[in-house]
1. Quick one: which of B:162, B:142 is free of Cβ contacts under 8 Å to residues at least 24 places away in the same chain, assigned by TED's automatic domain parsing to the domain that holds residue B:208 and of a type outside the set (D, E, K, R)?
2. Any chance you could count how many residues in region A:40-63 are part of a loop (DSSP other than H, G, I, E, B) and either hydroxyl-bearing (Ser, Thr, Tyr) or under 16 Å from residue A:1 (Cα atoms) (or both)?
3. For the condition over 30 Å from residue A:82 (Cα atoms), among the charged types (D, E, K, R) and in the same structural domain as residue B:204 (by TED's automatic domain parsing), what is the one hit in B:114, B:147?
4. Got at least one residue in region B:126-141 being surrounded by 16 or more Cβ atoms within 10 Å (Cβ to Cβ) and assigned to a strand (DSSP E or B)?
5. For region A:197-230, name all the residues that are part of a loop (DSSP other than H, G, I, E, B) and either among the polar types (S, T, N, Q) or surrounded by 14 or more Cβ atoms within 10 Å (Cβ to Cβ) (or both).
6. Among the residues of region B:111-137, which ones are under 21 Å from the mean Cα position of the chain (by Cα) and not basic (Lys, Arg)?
7. Out of (1) within 14 Å of chain B (Cβ to nearest Cβ); (2) farther than 23 Å from residue A:197 by Cβ; (3) buried (at least 16 other Cβ atoms within 10 Å of the Cβ); (4) modelled with pLDDT of 95 or more, the odd one out for residue A:69 is which?
Protein chains: 2
Amino acid sequence: MTLQYDGTAYNGWQVQSSGTTIQGLLQDSLFRLTGESVSVVGAGRTDAGVHALEQVASFASGSLLETGIMRRALNAMLPSDIRVMDIAETDGDFHPRYAARAKRYIYVIANTQDVPVFLSRYLWQVRFPLDVEAMQTASFCVIGRHDFSSFRGSGCSAKTTVRTIHRLGVEKTGEMPFLFTAFRGDFIKISIEGDGFLRHMVRNLVGTLVEVGRGRTRALDMRGILEAKDRRRAGPAAPPGGLFLDKVIY
Amino acid sequence: MTLQYDGTAYNGWQVQSSGTTIQGLLQDSLFRLTGESVSVVGAGRTDAGVHALEQVASFASGSLLETGIMRRALNAMLPSDIRVMDIAETDGDFHPRYAARAKRYIYVIANTQDVPVFLSRYLWQVRFPLDVEAMQTASFCVIGRHDFSSFRGSGCSAKTTVRTIHRLGVEKTGEMPFLFTAFRGDFIKISIEGDGFLRHMVRNLVGTLVEVGRGRTRALDMRGILEAKDRRRAGPAAPPGGLFLDKVIY
């Protein structure tokens, strides 16, 4: 199934010992619908407060319900900030994470004094003027295959810290991306595509790029930060609200 | 001051015995800023979950802070879903409610199967197809000076139930209003302007118009509902998330 969600109210994708999670709500809804205790496997684990324009997840079910009916029934049970966009049958061996070739995230920064309240949960408002060219320069050395230990969040359980970033774009734009394009202002849209991401990696990269944009870190120091393989060298994590899982690529 | 807020997280405008309110947060922030315990008076009391594109409020202060500085300081203290848009000095006898000639509200209905999650808190999703022409016919008899007892919510403390509705528009539109115009779909925008509104009056009117749109109430019965002066004759209240205080007119 493909899903869209506003992550603001949730303790992230993955079931936790406390707090409501998106995976947990999906599993509960499927149990109510089919009577089956299923495990819903996501393509990526989004953090608390992170949104998804298109998350992919799978589950095994013996239900005879037609997929369109199942989708509507799930949407009737789920809160309105989680929507099942589509359900399709797959091979039994499809795994949404292992099968993914790449994932794309988008991070939205509003580099402006005033932001309409209705957009505030979908962006990071940075009031200091940011030097977008310096951020672009800094971003170049991140592209490619590297050890991303410097951008790995605490509690990350990944076995290897090597990942490949295919694309990393830092773009100035005069409008809020996605559904909100009627509001004009100074936005920065950061798109990042890679074969996988460590815990908090996108937010730590964005936080470090903003340090560069503010002039607290030089663009040319980005390579040294990456090569240090030391989390303390990189900037703080950017807040979760600006981050969207945009697309899982198969 | 003029304010914009997303009411989702709040127990309405007015200070209550429990729950966080917008008035309460403003008074707390002003106390922290000026050391003065002030009463912030709003032009209208929005319910829990109702939003404001432009609310007007006033307070008396002996602070020597320049209004622009005060605005920025308040915004730095307030959560990001409440923004002070402007602060200006007024006559000591200005009262935002008594001075208002009229208030305008907008109610947004999405008459569609699927709504992006990022818009869901700003509309009422009605899945049954609505007959907009019937809703328009029903709306005509509400315009003018009437006793609105049939649309008065419980707990309303108003001394008189007579109000004048200057305008009531029911409009089909292909896009979500305000900041979200990039999403296209079947929307219904209800705008209502009047000299004042009873508690839940706009939501009760909208809920009754939707009963008409669904065919459960005939358009021509609207006059009888109004004349009955009996809350039980009108439809249920529309949910708060679709309602916006649009403008206070002086």
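The values are calculated or read from the model by the stated rules, or taken from the named source; none is laboratory data. Keep in mind it's a predicted model, so treat the numbers as computed, not measured. Note: ideal-geometry Cβ built from the backbone for every residue, glycine included; neighbour counts use all protein chains shown.
1. On the way: B:142 fails: free of Cβ contacts under 8 Å to residues at least 24 places away in the same chain.
Just a single option satisfies the conditions, and that option is B:162.
2. Restricting attention to region A:40-63, the residues satisfying the condition of being part of a loop (DSSP other than H, G, I, E, B) are A:40, A:43-50, A:59-63.
Checking the rest, the ones that are also either hydroxyl-bearing (Ser, Thr, Tyr) or under 16 Å from residue A:1 (Cα atoms) (or both) come to A:40, A:43-46, A:59-63.
The qualifying residues number 10.
3. One residue alone meets the criteria, B:147.
4. No, region B:126-141 contains no residue that is surrounded by 16 or more Cβ atoms within 10 Å (Cβ to Cβ) and assigned to a strand (DSSP E or B).
5. Listed by number, the residues that qualify are A:197, A:198, A:199, A:200, A:217, A:229.
6. If the condition is that a residue be under 21 Å from the mean Cα position of the chain (by Cα) and not basic (Lys, Arg), then B:111, B:118, B:119, B:120, B:122, B:123, B:124, B:125, B:126, B:135, B:136 are the ones that fit.
7. (3)
So that you can scan it fast, the table gives a plain yes or no per residue for (1) within 14 Å of chain B (Cβ to nearest Cβ); (2) touching a strand residue (DSSP E or B) at 6+ places or on another chain (Cβ under 9 Å); (3) polar (S, T, N, Q); (4) in a loop (DSSP other than H, G, I, E, B):
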| residue | (1), (2), (3), (4) |
| --- | --- |
| A:154 | no, no, yes, yes |
| A:157 | no, no, yes, yes |
| A:160 | no, yes, yes, yes |
| A:163 | no, yes, no, no |
| A:166 | no, yes, no, no |
| A:171 | no, yes, no, no |
